[in-house]
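Scroll down for the structure; my scribbles are underneath it.
A short reminder: the numbers here are calculations on the coordinates, not readings from a lab. Please read all numbers here as calculations on a predicted model, not as lab measurements. Glycine gets a Cβ as well: all are built from the backbone with ideal geometry, and neighbour counts include every protein chain shown.
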Amino acid sequence: MFPERLTEGYRSFVEGRFARERSRYAMLAERGQQPQIMVVGCVDSRVSPEVIFDAAPGEILVVRNVANIVPPYQPDKATQHGTSAALEFGVQALKVRHIVVLGHAQCGGIRFFAQESAPLSQGDFISQWMSQIAPAAAALGPHARYDAEAYQKRLEFASVELSLSNLMTFPWVKEKVDAGQLELHGAYFGVAAGRLLVRDPASGRFEPVGDAPV
Ligand SMILES: [Zn+2]
């Protein structure tokens, strides 16, 4: 059975938000989408970019995967590249002006990697996927230098950094960044307090933004 929660939620959407934004939806259907911003977020159910940024339909293009990872540019035909395909679409077809890598607190994917968790199935897709952040972990140094919580947090930030540098391995991303047509950003959402930190490109530090709750 289709979940009742979704039927109810849909009803509420149609009568509320859709009704209020009907003309916007009609315009978007007619003219197509032209989002200026793309967000790479995590699949985590607590960190929906549209909710965090209070986005209207058509405003942000979102790709979500386990632990908001941008893989390096690997134009091979041997495997599938879902995130790279979404980036290609956003950058080349929609010509977004900004890409935001949005990390978050208590990320299950990062924890899986940090704790070297056992495979969840024979396919062991998560380990394989999360092994991409190994260079970020290597840069942090030995695990034992931090307690588990501190290590996890550092790795969450380091992983955003790695994704930002991986973005620059895509030739059409680098080209547009160098030409000033595209900006890359790092951000981090602290789930419990609803706090958003944004990476300062000059210092590389993540600073609180706006009047977010402390
Ligand atoms: Zn996550």
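Checked against the criteria, residue 37 does not count as buried (at least 16 other Cβ atoms within 10 Å of the Cβ) and either among the hydroxyl-bearing types (Ser, Thr, Tyr) or touching a helix residue (DSSP H, G or I) at 6+ places or on another chain (Cβ under 7 Å) (or both). Of the listed requirements (1) within 16 Å of the ligand (Cβ to nearest atom); (2) within 28 Å of residue 35 (Cβ to Cβ), residue 172 misses just one: (1).
Of the listed requirements (1) within 16 Å of the ligand (Cβ to nearest atom); (2) among the β-branched types (Val, Ile, Thr); (3) out of contact with any helix residue (DSSP H, G or I) (no Cβ under 6 Å at 6 or more places or on another chain), residue 101 misses just one: (3).
Which one of these is under 25 Å from residue 161 (Cβ atoms), within 16 Å of the ligand (Cβ to nearest atom) and not in a loop (DSSP other than H, G, I, E, B): 51, 47, 91? Don't jump to the end; show me each part of the working.
Working: 47 fails: not in a loop (DSSP other than H, G, I, E, B); 91 fails: within 16 Å of the ligand (Cβ to nearest atom).
Result of the check over 51, 47, 91: 51.
Looking only at region 183-190, decide whether some residue is among the hydrophobic types (A, V, I, L, M, F, W, C) and either surrounded by fewer than 16 Cβ atoms within 10 Å (Cβ to Cβ) or free of Cβ contacts under 8 Å to residues at least 60 places away in the same chain (or both). Show your work before the answer.
Within region 183-190, the subset among the hydrophobic types (A, V, I, L, M, F, W, C) is 184, 187, 189.
Right, trim to either surrounded by fewer than 16 Cβ atoms within 10 Å (Cβ to Cβ) or free of Cβ contacts under 8 Å to residues at least 60 places away in the same chain (or both) and you get none.
Within region 183-190, not a single residue is among the hydrophobic types (A, V, I, L, M, F, W, C) and either surrounded by fewer than 16 Cβ atoms within 10 Å (Cβ to Cβ) or free of Cβ contacts under 8 Å to residues at least 60 places away in the same chain (or both).
Of all the residues in region 106-124, those that are within 11 Å of the ligand (Cβ to nearest atom) and not in a helix (DSSP H, G or I) number 2.
Of the residues 123, 109, 141, which is in contact (Cβ under 8 Å) with a residue 60 or more places away in the chain and of a type outside the set (A, V, I, L, M, F, W, C)?
That would be 109, the only listed residue that is in contact (Cβ under 8 Å) with a residue 60 or more places away in the chain and of a type outside the set (A, V, I, L, M, F, W, C).
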